[in-house]
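The values are calculated or read from the model by the stated rules, or taken from the named source; none is laboratory data. This structure is a prediction, so every number in the text was calculated from the model and none was measured. Neighbour counts are summed over all protein chains in view; Cβ atoms, including those assigned to glycine, are modelled from backbone coordinates with ideal geometry. SASA here: full protein model, heavy atoms, side chains in, ligands and nucleic acids out. Shrake-Rupley method; radii C 1.70, N 1.55, O 1.52, S 1.80 Å.
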Amino acid sequence: MSSEIRPGIHWVGSIEWMLKHFHGHELSIYRGTTYNSYLILDEKIALIDTVKNTHIEDFLRDIDRVVPVEKIDYLVVNHAEPDHSGAIPALLARNPRLKVVCSKGGQTSMARHFPAARDLQVVKTGDVLSLGKRSLRFFEAQMLHWPDTMFSYCPEEKILFSNDAFGQHYAHANRFADQVDQCELWEEAVKYFANILTPFCSQIIKKIQEYSALNWPFEMICPSHGAIWRKNPMQIVEKYLEWASGKTPPSAVVIYDSIWHGTERMAKAICRGIEAEGVPYKLFYAGVADLNDVMTAILLSRGVAIGCPTLNNNLMPSIAPYLEEMRGLRFPNKIGAAFGTFGWSGEVIKRLEEALEKAQIKVVQPGLKVQFCPNEDDLKTCETFGRDFARQIKAAAQ
Ligand code: FEO
């Protein structure tokens with residue numbers, strides 16, 4: 001499948017309709033994804049990024065429908081992760097004279113993934129590749145989201161090829177963001193940011209500022225996954241700056257697991273307290289929630305209250321993945337609190353608070369624990385705990 005997104009510029013990517021997980025089983029995918037590749041026809045022909053190796057046959061056929069693979073002069077590798085580089089060996093087999101262009105970081109990742117591709121043209125920010133009437137300029141965008149990541153910019157068309165940045169895991173028969181369901185689009189854009197880009201929030205802000213200083217204006221952002229931004233493409237850049245700042249309106253996420261419903265009753269009472277203070281919240285039961293959806297909710301919230309019973313002098317294993325994921329993602333500007341029931345030893349509050357601190361989430365009030373099952377007085381205490389946490393959230397959001 002291919003489509004001309006501008007005269008002489010073709011999308012030649014692949015649509016993965018049925019994918020349910022990405023990065024192994026690390027990331028849940030509800031709406032598939034696309035692997036976007038772009039072909040620029042000029043005096044010299046350039047291909048920007050490729051597709052996952054599961055789609056090679058269709059990919060080569062789609063390129064051939066536009067121009068024979070053997071006629072491509074340059075392959076620009078904005079990022080060598082296999083979902084974008086999987087077709088490189090097949091391209092080189094068909095076209096050994098293909099010049100591969102990548103960043104300095106790309107030289108390292110290419111050497112490890114494709115040691116046979118030795119003839120690389122390494123570029124840095126500001127370098128220009130002339131294609132004839134058009135050209136490509138390069139911008140090193142390290143850690144968005146690998147050290148090798150770079151953007152390619154076509155000044156004559158005012159198109160930014162941003163690779164993973166500004167993408168979404170969103171399979172769709174239409175190519176442009178303004179053609180798709182906006183709720184689905186933004187759900188996927190923020191989930192993608194929360195689960196892939198959050199660890200690099202400060203770098204994202206820095207790189208957007210660095211790019212802005214170059215004065216390379218764009219009318220279109222072509223990411224390597226999902227829909228292309230052509231109508232007000234700055235909207236997604238502004239959202240990235242907002243999400244990367246961690247400065248959300250007052251809101252809370254409450255996550256819990258429970259053995260005999262005691263911690264569950266605590267969680268619900270805490271939510272009543274949060275609600276009484278006028279702070280919106282989302283409640284997640286760890287046993288059935290989707291880890292990545294919870295992380296997305298945390299990105300959009302200011303406070304995280306997490307609870308479970310003490311089990312074997314520790315926290316429940318089912319809550320651990322949430323804490324580990326928070327630790328890896330390093331959300332900026334979040335506050336936290338811990339709660340849970342216990343039978344006799346009660347270590348869970350200490351364990352939860354340690355885990356929150358390791359995730360750089362500031363614990364703002366003493367944890368709350370209740371022995372065995374909460375009675376009515378305990379539930380009132382939980383509501384007060386929720387109210388206090390909501391006030392902390394409102395103060396942090398000012
Ligand atoms: Fe879509 Fe970092 O690969």
Can you tell me how many residues in the range 332-363 are in a strand (DSSP E or B), among the aliphatic types (A, V, I, L, M) and open to solvent by less than 10 Å² (accessible area, probe 1.4 Å)?
2
When the range 67-125 is examined, which residues are found to be open to solvent by less than 10 Å² (accessible area, probe 1.4 Å), among the polar types (S, T, N, Q) and within 14 Å of the ligand (Cβ to nearest atom)?
ASN78, SER85, SER103
Do we find that PRO155 is assigned by TED's automatic domain parsing to the domain that holds PRO223 and away from the ligand (no atom under 15 Å from the Cβ) in this structure?
yes
So the check is Cβ under 8 Å with 6+ separation or different chains; which pairs have a first residue in the range 16-31 that's open to solvent by 70 Å² or more (accessible area, probe 1.4 Å) and a second one that's of a type in the set (A, V, I, L, M, F, W, C)?
TRP17/ALA171; LYS20/ILE29; HIS21/LEU27; HIS21/ILE29
Could you check, for the range 149-158, whether at least one of its residues is in a helix (DSSP H, G or I) and open to solvent by 30 Å² or more (accessible area, probe 1.4 Å)?
no
Among GLU57, GLU70, GLU4, GLU43, which is charged (D, E, K, R), out of contact with any strand residue (DSSP E or B) (no Cβ under 8 Å at 6 or more places or on another chain) and outside any helix (DSSP H, G or I)?
GLU43
Qualifying position, being open to solvent by less than 10 Å² (accessible area, probe 1.4 Å), touching a residue at least 24 places away in the same chain (Cβ under 8 Å) and in the same structural domain as GLN168 (by TED's automatic domain parsing), among TYR211, TYR240:
TYR240
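Residue by residue, here is whether (1) of a type outside the set (Val, Ile, Thr); (2) more than 13 Å from the chain's Cα centre (by Cα); (3) more than 16 Å from the ligand (Cβ to nearest atom); (4) more than 19 Å from TRP146 (Cα to Cα) holds:
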position: LEU197; (1), (2), (3), (4): yes, no, no, no
position: CYS201; (1), (2), (3), (4): yes, no, yes, no
position: MET220; (1), (2), (3), (4): yes, yes, yes, yes
position: HIS225; (1), (2), (3), (4): yes, no, no, no
position: TRP229; (1), (2), (3), (4): yes, yes, yes, yes
position: ALA244; (1), (2), (3), (4): yes, no, yes, no
position: LYS247; (1), (2), (3), (4): yes, yes, yes, yes
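Kindly indicate whether PHE139 is away from the ligand (no atom under 13 Å from the Cβ) and open to solvent by 10 Å² or more (accessible area, probe 1.4 Å).
no
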Before we move on, is GLY307 in contact with a Phe, Trp or Tyr (Cβ under 7 Å, 6 or more places away or on another chain) and either farther than 24 Å from GLU188 by Cβ or polar (S, T, N, Q) (or both)?
yes
